[in-house]
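The values are calculated or read from the model by the stated rules, or taken from the named source; none is laboratory data. The structure displayed is predicted, hence computed values, not measured ones. Note that we place each Cβ from the backbone using ideal geometry, even for glycine, and neighbour counts take in every protein chain shown.
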Amino acid sequence: MTRNAQRGQFVTLEGIDGAGKSTHAAWLVEALRARGLTVVATREPGGTRIGEALRELLLRQPMAHDTEALLMFAARREHVLQVIEPALARGDLVLCDRYTDATWAYQGGGHRVSKSLIADLERHVHAGCNPDLTLLFDVPSSVSRDRLERMRALGRDLDKFELEDAGFFDRVRDAYLERAAADPSRFRVIDGGRPLAEVRAELARIVSAL
Ligand code: TMP
C-alpha cells in the first residue's frame with residue numbers, strides 16, 4: 001500500500017549558541033503536530049548512533065578546524081541516509097536542529113575553514129537534500145554571552161563551542177546573516193532578543209503556513 005507519495009517538508013533551526021533556538025524547538029514540534037503533521041524532530045551533529053558518538057567528540061575534544069568540518073559532514077551523511085531522506089520520502093515533516101548552514105557559519109565563518117572544502121563536502125553529502133525553510137534565531141553575541149554565562153552560573157557545563165570568545169560568535173553570526181540575505185526565500189530571520197511571547201507569536205504565524 002502506498003501511503004503518502006508526496007515528499008515531506010524539511011525545516012531547519014539555526015542560530016548562534018544562546019539565541020534561544022532550543023527553547024523554541026520543543027514548542028515548535030508540538031505546534032506542528034497540533035496541525036496534524038507527522039513530525040520527525042532531530043538534531044545535528046547527531047540524530048543517529050554514529051552521529052551522536054561524533055557529537056561527543058565534536059563538542060568536547062579539541063581538533064583541527066578542517067577535521068571538525070569533515071566530522072560534521074560524516075555525521076550528516078549518516079543522518080541524511082538513515083533519517084532525513086527516508087522521512088521526507090514518507091511525506092513526514094523533518095524538523096532538524098541545525099544542518100549545513102551551521103557548518104558554513106561555525107566552521108566557515110567562525111573557524112575560517114576553506115569555503116571550497118565545505119562546498120565539496122556539501123555536494124557529496126547531500127546534493128539535492130536541502131531545507132525548504134530555515135528559521136534563523138538571531139541575537140547579538142553580547143546577548144548570547146550573557147545567556148551562556150547565566151546557564152553556567154546555574155551549573156550547566158558549557159561545551160567547546162559555547163566557550164569560544166565574542167569575536168568567534170560575531171563571525172558566526174555574520175556568516176549566518178550573509179547566508180540569509182543570499183537566500184531570502186528559504187530563510188526567516190527571527191529576532192531572538194524579544195520576549196518569549198513575541199517570538200512564539202511569530203513562530204505560530206510561520207507554522208500556520210506549513
Ligand atoms: P547545539 O548546541 O545547538 O545542539 O549545537 C551543537 C554545537 O555544534 C553548536 O555549538 C554549533 C556546533 N555545530 C557546528 O559547529 N557545526 C555544525 O555543522 C553543526 C551542525 C553544529
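Among the residues of the stretch 92-134, which ones are within 13 Å of the ligand (Cβ to nearest atom) and touching a strand residue (DSSP E or B) at 6+ places or on another chain (Cβ under 9 Å)?
C96, D97, R98, Y99, T100, D101, A102, A105, P131, T134, listed by residue number.
Test G51 against the stated conditions and say whether it is without any contact (Cβ under 8 Å) to a residue 40 or more places away in the chain and either crowded, with 16+ Cβ neighbours inside 10 Å or over 24 Å from I190 (Cβ atoms) (or both).
yes
When you go through (1) within 16 Å of the ligand (Cβ to nearest atom); (2) touching a helix residue (DSSP H, G or I) at 6+ places or on another chain (Cβ under 9 Å); (3) in contact (Cβ under 8 Å) with a residue 60 or more places away in the chain one by one for A204, which number turns out not to apply?
(1)
Name the one entry in T48, T12, T67, T38 that is at pLDDT 95 or above and closer than 17 Å to F161 by Cβ.
When all the criteria are applied, what remains is T67.
Of all residues in the stretch 3-25, which are surrounded by fewer than 20 Cβ atoms within 10 Å (Cβ to Cβ), of a type in the set (K, R) and within 16 Å of the ligand (Cβ to nearest atom)?
None - no residue of the stretch 3-25 is surrounded by fewer than 20 Cβ atoms within 10 Å (Cβ to Cβ), of a type in the set (K, R) and within 16 Å of the ligand (Cβ to nearest atom), so the list stays empty.
When the residues of the stretch 26-62 are filtered to those that are among the small types (G, A, S) and closer than 23 Å to L81 by Cα, which remaining residue is farthest from the ligand (Cβ to nearest atom)?
By that ranking, first place goes to A53.
Can you confirm whether L163 is part of a loop (DSSP other than H, G, I, E, B) and closer than 23 Å to E52 by Cα?
So L163 passes the test.
Using beta carbons and a limit of 8 Å, which pairs, at least six apart or on different chains, have the first residue in the stretch 84-113 and at positive phi and in contact (Cβ under 8 Å) with a residue 12 or more places away in the chain and the second one crowded, with 20+ Cβ neighbours inside 10 Å and outside any helix (DSSP H, G or I)?
What qualifies is G91/G8; R98/T12; R98/L13; R98/E14; R98/E44; R98/P45.
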